Amino acid sequence: MKKVQKRKLSHAQVMAAGFLTVIFIGALLLMLPVANRDGQWGNFLDSIFTSVSATCVTGLVVVDTYQNWTMFGQIVIILLIQIGGLGFITISVLFSLFLKKRIGLDKRNLIQESVNSLSLSGVVKLVRNIVKGTLLFEGVGAVLLSIRFIPKMGFWEGIYNGVFHSVSAFCNAGFDLMGKYEEYSSLVGYYDDFVVNITVMALIIIGGIGFIVWEDIRENKLRFKKYSLHTKIVLMSSAILIFGGAACFMVLEWNNTMADMNIYQRVITSLFASVTTRTAGFNTIDLGAMSQGSKILTVVLMFIGGSPGSTAGGIKTTTLVVFIVYIWSNLRNASGCNILGRRISDEDIKKSNMVLGLNLGLSVVAVLLICSVQEFVMEDLLLEVFSATGTVGLSTGITRQLNTFSQIVIMFLMYCGRVGGMTFALSFAYRKEPARLQYPEERINVG
């Protein structure tokens, strides 16, 4: 008899299943009485929603993190954030290296996909550098934030808050413990604090530009010409989005939420809004009080997100740039999509279009599904949905008003946003071999 071969999980399926496993373990831990301030077994829906949000480094919450969870629960949340930010593949490789186990070719391929490396060589070294860089940046961030928190919170609580918010900011998660002073207030109390704002923004940006960019900068220092095309696009597009977004927020909110601020406060608040909106989930102004224009701008920036191979979500900066270059090249009838003296490959163009289409499609379907069971102000619902898809975590406050069905929809969006819409779709497909039969071609009218 012919021996039946055991079907092997694809890399996409391994990543999708791995995140699910982490989510359910986190939910079970958060349900424990020791994790809940009332000492009772936690509600499963609240626990699974929080676990999904933490593992997918989003920051949307149905209960206040400080008011509902004990220190044990908060530590579970920050561990989920760290695992979700670095990726469970990176964490598993770290343990393998610690135990001095051999990293096989298959696992190296998995690492390459999980961190979006363009090359297979040096991926294990890259993981080591990712872990070292993470500890360094989070450590420095924790020290700087602790300096500002200790005078108000006391020594040990100030250090604990410094570590928690540093990890949350670096991993672009947006979870906070400021509910001690006011529920769901995020960093509003520190809206004009220079050290807190600059530290959190720096952590968000460093975590959001991507591990591959780190490596390129580490090797080539400040020699911009030697950077790869990927790094150049990431740095240039990130700078444009950050400063361009800040300018737009300042104009739109000048006589609204920033009306009583001086020029320094307006500048720092605008910059913070532009940086955190891309994927972090912290806020220093009341989102519900923002103008409609600012909410739409927030939706756009959240949809774009950070950069590939980072702790950030969204369609990614490179996807947007490739899409714009593709449109511009076709409008000019150019031979190929060219940028900065290089031609973008057809495979990257195809992938960018898929990512953009899948994320936009998921978001539109989610809006329709939630509208079918609940009524919200449209711009608030759009902000909520795109916040989940981009794993951002910003909300005007309607997260706590979602019914069970709507919460499930948001959880699915957060999960797809972290795993990647394309990765999730590919996890259902095994066949990679080309079709043996091609149908005859026929033209259709488009546009």
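Quick note: the coordinates plus some simple rules give every number you see, no bench work behind them. All figures in this text were calculated on a predicted structure; none of them were measured in a lab. We place every Cβ from the backbone using ideal geometry, glycine too, and count neighbours over all the protein chains shown.
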*Would you mind calculating the gained length between Asn338 and Lys180 on full extension (0.36 nm times residue separation, minus the Cα-Cα distance), in nm to one decimal?*
51.7 nm
*By average Cβ neighbour count within 10 Å, what is the ranking of 345-351, 293-299, 49-55, 68-74 from highest down?*
49-55, 293-299, 68-74, 345-351
*Global geometry of the range 116-265, whether rounded, prolate or oblate, following the gyration tensor of its Cα atoms and the 1.5 cut on a/c*: oblate
*Around Arg266, with a cut-off of 13 angstrom between Cβ atoms, what is the net charge of the other residues, counting Lys and Arg +1 and Asp and Glu -1?*
-3
_Please compute the length gained on full extension between Ile75 and Asn445, using 0.36 nm multiplied by the number of residues separating them and subtracting their Cα-Cα distance._
127.5 nm
*Using the membrane-span-like helix rule (whole DSSP H runs, Cα extent along the own axis of at least 27 Å, mean Kyte-Doolittle hydropathy at least -1.0), which helices of the chain qualify?*
11-31, 123-153, 229-253, 346-371
*Label the range 337-380 by shape, choosing from rounded, prolate and oblate, from the square roots a ≥ b ≥ c of the eigenvalues of the Cα gyration tensor; if a/c is under 1.5 it is rounded, and otherwise prolate applies when a/b is larger than b/c, oblate when it is not.*
prolate
*At R0 = 41 Å, FRET efficiency that the Cβ-Cβ distance of Phe224 and Gln292 yields, to 0.05*: 0.60
*State, in angstrom, two size descriptors of the chain derived from its alpha carbons: Rg to one decimal place and Dmax to the nearest whole number.*
22.0, 81
*Contour minus Cα-Cα distance for Asn262 and Asp192 (0.36 nm per residue)*: 24.2 nm
*asked:* Could you tell me the center-to-center distance, by alpha carbons, between the range 184-235 and the range 364-417 in angstrom?
replied: 28 Å
*Rounded to the nearest 0.05, what FRET efficiency is calculated for Phe44 and Ser345 with R0 set to 41 Å and r the Cβ-Cβ distance?*
0.35
*Calculated FRET efficiency, Leu20 and Glu375, Cβ-Cβ r, R0 35 Å, to nearest 0.05?*
0.65
*With the Cα gyration tensor of the range 278-337 giving a ≥ b ≥ c as the square roots of its eigenvalues, does the rule (a/c under 1.5 for rounded; else a/b larger than b/c for prolate; else oblate) give rounded, prolate or oblate?*
oblate
*To the nearest 500 deg cm²/dmol, what mean residue ellipticity at 222 nm is calculated for the chain from DSSP H runs of n ≥ 4 alone, each contributing -39,500 (n - 2.57), summed and divided by the residues?*
-20000 deg cm²/dmol
*Give, as a single signed number, the net charge of other residues whose beta carbon lies under 12 Å from the beta carbon of Val163, with Lys and Arg counted +1 and Asp and Glu -1.*
-2
